[in-house]
1. Between 0 and 90 degrees, rounded to the nearest ten: what's the tilt of helix 39-48 against the longest Cα principal axis of the chain?
2. Going out from 0 in 5 Å bins, what whole percent of all Cα-Cα distances in region 201-317 drops into each bin?
3. Over the Cα atoms of region 6-190, how large are the radius of gyration and the largest Cα-Cα distance (Dmax), in Å?
4. Of I140, L252, M74, which is farthest towards the positive pole of the chain's charge dipole, taken about the Cα centre with +1 and -1 on the beta-carbons of Lys, Arg and Asp, Glu respectively?
5. Can you pick out the pairs among K176/K317; K202/K317; K282/K317 whose Cα atoms lie more than 29 Å from each other?
6. What value, in deg cm²/dmol to 500, does the helix sum -39500 (n - 2.57) over DSSP H runs of n ≥ 4 give at 222 nm once divided by the residues of the chain?
7. Report the local net charge at L107: Lys and Arg +1, Asp and Glu -1, summed over other residues whose C-beta lies under 15 Å from its C-beta.
8. Quickly rank 256-264, 126-134 as a protection proxy: mean count of other C-beta atoms within 10 Å, highest first.
Amino acid sequence: MSQKKIITIVGAGMMGSAMTIPARDNGHSVRLVGTPLDEHIISRVRRDGYHPTLKEQLPDGVEFYSVADMAAAMSGADLIIGGVSSFGVDWFSQEVLPLLQPGQNVLSVTKGLQNYPDGRLGTFPALLAERLPATLRDRISFSAIGGPCTSYELARRRQTMVYFCGEDAAAVASAKEMLATAYYHITPTADVLGLECCVAMKNAYALGVSMAIGLWGGADECQGFNPQAALFGQSCREVTRLIRHLGADTDLVANLPFAGDLYVTIFGGRTRRLGTLLGQGKSMAEAEAMLSGVTLESVAITRRVAAALRAQAAAGKVQPADYPLLMHIDDVINDRCPAAIAWDTMR
């Protein structure tokens, strides 16, 4: 077991809260801070430790903080875990980054990529580093988590294998030492772009594969396995092309960060439900209404990467025809066409 440390988790959603389990199992002091959207969660866990959306009892000894007390929660922490979704990155940048102290490490569970007007794609660790106040530049290390890990299974201590990525090998090793357990297994990698691309794109492609459930699954959603498998393979091909184009390591595609995480995501959750509804012929507006209140990160990443590819295509740097499934998903979620796989374009 590693030496006892102070770990502050910003974001009391399901994944951020699930991270309290390995942290406390390793004996660390854990502070869980709610965002402005988490006040009802913090109020409940303060009463009896029960997390109302994770539907699990959080470990004894976790300290709970409202967003108003975030500065106190971050003070003296050895590790800050960013537990926000991609929709919370701007808030995290504005409210959390200025409170960091020199030497603190930040480990992010956020999944996504940032697109720029010229078609570039960047990782959230790089984006956060860019947004650091000038006084903290080069004094904070950013790392991230990737791999197939559902929050409710982590909370139940089921065997889980993930990657931690970061340019600062010492910071990644330190985070691994704090959080690795007999059920939470961590592989370090310096390939931040490759890992983050895999982690983000699995959401987009899980949406595409899940459309096959609605198109061919029938009322019980128990058919359409052949089309799903075909689209799974197409997803791997397209992400391999994307990562190669970005200059990162394509070996991660066939491993846990993409193929493994894609497998998990297709099996259930919000992305599967959305893809199934779209495959059944629902418009995006209709599907969103039926999934009211659900965070749809698959939609955000699809739109961002499709926009980036179109910008790069205009500059002659890529061919959209190399990404037929992704571009079709983008057309469907933007109501430009119904879900209908053009199989002859898949290559």
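A short reminder: the numbers here are calculations on the coordinates, not readings from a lab. Because the structure is a prediction, the values reported are computed rather than measured. Note: ideal-geometry Cβ built from the backbone for every residue, glycine included; neighbour counts use all protein chains shown.
1. For 39-48 against the chain, the angle is about 50 degrees.
2. 2, 12, 20, 23, 19, 14, 8, 3, 0, 0
3. Expressed in Å, the Cα Rg and Dmax of region 6-190 come to 15.4, 50.
4. After comparing all options, I get L252.
5. Details: K176/K317 38 Å; K202/K317 23 Å; K282/K317 34 Å.
In this structure, K176/K317; K282/K317 exceed 29 Å between Cα atoms.
6. Details: 15 runs with 155 residues, N = 347.
Result for the chain: -13500 deg cm²/dmol, rounded to the nearest 500.
7. Details: positive: K5, R31, K111, K176; negative: D78, E167, D168, E177, E196.
Net charge around L107: -1.
8. Numbers: 256-264: 22.3, 126-134: 15.0.
Per-residue Cβ counts within 10 Å, averaged per peptide and sorted highest first, yield 256-264, 126-134.
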